[in-house]
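As structure tokens, the structure follows; a few thoughts come after it.
The values are calculated or read from the model by the stated rules, or taken from the named source; none is laboratory data. This structure is a prediction, so every number in the text was calculated from the model and none was measured. For neighbour counting, all protein chains shown are included, and Cβ atoms are generated from backbone atoms with ideal geometry for every residue, glycine included. Side chains are part of the model used for accessible areas, which takes the heavy atoms of the whole protein and leaves out ligands, DNA and RNA. Shrake-Rupley method; radii C 1.70, N 1.55, O 1.52, S 1.80 Å.
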Amino acid sequence: MNKFFEISLLLFFVILFSCKKDVNPYTSVYSKAKFIVSLKCDGANVYLDSLMNINPSLNTYSVHNVNFYISNIKMKRDDDSIYSSNQIIYIDPLLSLKNAFILDSIPVGNYTEITYTIGIDSVLNIDYGLTSTIDNLNMAWPTAMGGGYHFLKMEGHYLDTQNIAQGYAIHLGKNENLIIIKQNQLLKQRNDTHEYSIIFNINEVFATPYNYNLNIDNNYTMSDSIAMLKIKTNIKDAFNIIQNK
């Protein structure tokens, strides 16, 4: 009887530990992530409505407003599973009520890659493709120029070659100018809610790989496909993510 008991006990533990090996520790635990967007100028603070920012082309410029959409967010975990969000998020980094967003129901774990889009994909980038909020209406791209939405707006003033203040409007839109950003970065979603900073380096709008000079290139990009392509390419490395907690 004792021998039978010992064998049964041994089989029990073999089965128990064999089953535990197959359990995914992430399947039933979820977390949230809060992302707060802010502006920097090559690591320095951005001067708003003040001609004190200097870009790599040595344009002295101010920033009056910056608006853009973030969409199609995907996070890749270290087991190659993908978390995705279908949110389309309007961002105004200068307003505390519109400079942040939350992703929920994220399986816990270590994420090694994040991709997201600046702009809106072609399915919804049509006239009235989004709900008619004030923000979305203000981001509308003229129907006569193709319709849909601005992906990004950045506006202010700069000093021309005569040291006279002129306006600029970096406007990006149209399907071919959708910006897909991919970052290999460790995001530790271990429990409950984590917080991240998304830093938008506005000087990168004017640099790498193109030195965009407001005195030479178009200071109003909306009807200039070449100017928009340069801006699109520059912005691909303008964002950085930092985990705060």
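Considering only the stretch 222-245, state which residues are of a type in the set (Gly, Ala, Ser) and within 16 Å of ASN203 (Cβ to Cβ). Write out each step before concluding.
First pass over the stretch 222-245, keeping only residues of a type in the set (Gly, Ala, Ser): 223, 225, 227, 238.
Within the stretch 222-245, just ALA238 meets the criteria.
Go through the stretch 193-231 and report how many residues are under 21 Å from ASN163 (Cα atoms) and part of a strand (DSSP E or B). Step through it out loud before you land on a result.
Start the filter on the stretch 193-231 by keeping residues that are under 21 Å from ASN163 (Cα atoms), which leaves 203, 206, 211-220.
Now narrow it down to the ones that are part of a strand (DSSP E or B): 220.
Within the stretch 193-231, residues that are under 21 Å from ASN163 (Cα atoms) and part of a strand (DSSP E or B) number 1.
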> Is there a residue in the stretch 71-81 that is in contact with a Leu (Cβ under 8 Å, 6 or more places away or on another chain), open to solvent by 40 Å² or more (accessible area, probe 1.4 Å) and closer than 15 Å to TYR196 by Cβ?
Replying inline: no
> Taking the stretch 116-173 as the region of interest, how many residues are open to solvent by 50 Å² or more (accessible area, probe 1.4 Å), more than 19 Å from ILE89 (Cα to Cα) and aliphatic (A, V, I, L, M)?
Replying inline: 4
> Taking the stretch 82-95 as the search range and keeping residues that are of a type in the set (A, V, I, L, M) and within 13 Å of the chain's Cα centre (by Cα), which one is surrounded by the fewest Cβ atoms within 10 Å (Cβ to Cβ)?
Replying inline: ILE89
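I need the full set of residues from the stretch 28-70 which are hydrophobic (A, V, I, L, M, F, W, C) and open to solvent by 40 Å² or more (accessible area, probe 1.4 Å), in order please.
Here is the first cut: in the stretch 28-70, the residues hydrophobic (A, V, I, L, M, F, W, C) are 29, 33, 35-37, 39, 41, 44, 46, 48, 51-52, 54, 58, 63, 66, 68, 70.
Scanning the stretch 28-70 gives VAL29, ILE36, ALA44, LEU48, LEU51, MET52, ILE54, LEU58.
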> So, of the residues in the stretch 184-224 that are free of Cβ contacts under 8 Å to residues at least 24 places away in the same chain and within 21 Å of ASN67 (Cα to Cα), which turns out to be surrounded by the most Cβ atoms within 10 Å (Cβ to Cβ)?
Replying inline: ASN218
> Any chance the stretch 96-111 includes a residue that's open to solvent by less than 30 Å² (accessible area, probe 1.4 Å) and among the acidic types (Asp, Glu)?
Replying inline: no
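Looking for whichever is among the polar types (S, T, N, Q) and at pLDDT 95 or above here; the options are SER50, SER8, SER28. Which one fits? Spell out the reasoning first.
Values: SER8 fails: at pLDDT 95 or above; SER28 fails: at pLDDT 95 or above.
Going through SER50, SER8, SER28 in turn, just one is among the polar types (S, T, N, Q) and at pLDDT 95 or above: SER50.
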>> Can you say whether GLN185 is modelled with pLDDT under 95 and part of a strand (DSSP E or B), as far as the supplied structure shows?
In response: yes
